[in-house]
Amino acid sequence: MWDKPDLLNGCANALYALAAAALIYAGAQMAIHSSLLPLRHLALQGELAQVTREQAEGAARLGAVGTFFSVDLDAVRRAFEALPWVRKVEVRRLWPDRIEVAIEEHAALARWGSDAQPKRLVNTYGEVFEGNLADAMRLPQFAGPAGSAEELTRRYGAFRQALAPLGLEPRQVLLSPRYAWQLRLSNGLTLELGRDQLKEPVMERLSRFVAFYAQTLGALNRKLDHVDLRYPNGFALRVPGIVDSGREPKSMGNKHRGREKA
């Protein structure tokens with residue numbers, strides 16, 4: 001071996017490379033943990049309406065531990081994600097001594113489930129989350145099978161747009177375990193929309209109701225209660241004081257059947 005200079009030179013170069021790598025690693029560790037590079041600032045980005053200053057400071061103390069280089073950004077992110085009303089968090093280092101935390105809060109769109117659970121809310125993405133909201137009862141109510149919140153959110157937007165010409169809004173959107181839709185409107189009227197069908201989608205039934213509302217229900221000078229739209233060419237109306245709960249509601253579809261087919 002000693003009479004092979006090429007081999008000796010190769011071994012020497014390898015030892016030099018290992019020594020250099022060890023020095024670089026040691027220097028990096030010293031820099032990472034050095035008190036000369038402290039973490040001095042944590043900046044919050046985003047419009048915060050629900051996260052309080054005290055909550056943010058507590059999350060910062062819990063997650064932002066170490067120097068500028070040694071602080072665990074994932075730990076900072078998890079600390080802030082654990083706060084109520086926080087939907088999404090992004091964290092990054094800003095040289096030389098700052099951590100920036102961008103927070104996206106949930107935007108509450110509706111209450112989820114029964115009125116006995118006012119802390120369960122649905123955001124604008126159709127995600128269910130836990131949150132205290134002082135005026136939660138002003139929000140519409142959604143209820144449906146597990147995993148259906150996103151679909152209810154999407155349909156709520158379509159229902160609201162369809163009802164806009166009548167000046168009405170859906171205050172309650174319910175989806176049964178059999179995937180039948182029911183709406184309760186801002187005037188107290190309940191609409192039974194039923195299930196989506198290939199020949200007659202739910203939105204088609206609602207559009208028919210809106211089209212004939214003025215000359216049917218809108219012309220009645222009475223408090224309305226319940227409308228069943230699960231008819232191919234009309235709908236049935238139940239008016240308090242006229243139809244008993246045990247009897248069939250009065251059909252108002254036949255009167256306009258010819259026009260609806262046109």
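List of remarks:
- Here each label is just a point 7 Å from Cα along the line to Cβ, and for R171 and E204 those points are 3.1 nm apart.
- Most to least accessible of E150, E169 (protein chains only, probe 1.4 Å): E150, E169
- Charge tally in the Cβ shell below 14 Å around L83, where Lys, Arg are +1 and Asp, Glu are -1, L83 excluded: 0
- Region 133-231: C-alpha gyration tensor shape, a/c 1.5 cut-off, then a/b vs b/c: oblate
- Cα centroid separation - region 169-196 against region 42-117, whole Å: 37 Å
- Taking all protein chains as they are arranged and a probe of 1.4 Å, the heavy atoms of H41 leave approximately 90 Å² accessible to solvent.
- Residue-span extension gain [R222 to T124] - 0.36 nm each, minus C-alpha spacing: 31.7 nm
- Label-to-label distance, nm, for residues given as R40 and A158 (7 Å Cα→Cβ offset): 5.6 nm
The values are calculated or read from the model by the stated rules, or taken from the named source; none is laboratory data. The structure displayed is predicted, hence computed values, not measured ones. Please note: Cβ atoms are built from the backbone with ideal geometry, for glycine as well, and neighbour counts cover all protein chains shown. Ligands, DNA and RNA are stripped out before the accessible areas are found, and what is left, the full protein with its side chains, is counted by its heavy atoms. Shrake-Rupley method; radii C 1.70, N 1.55, O 1.52, S 1.80 Å.
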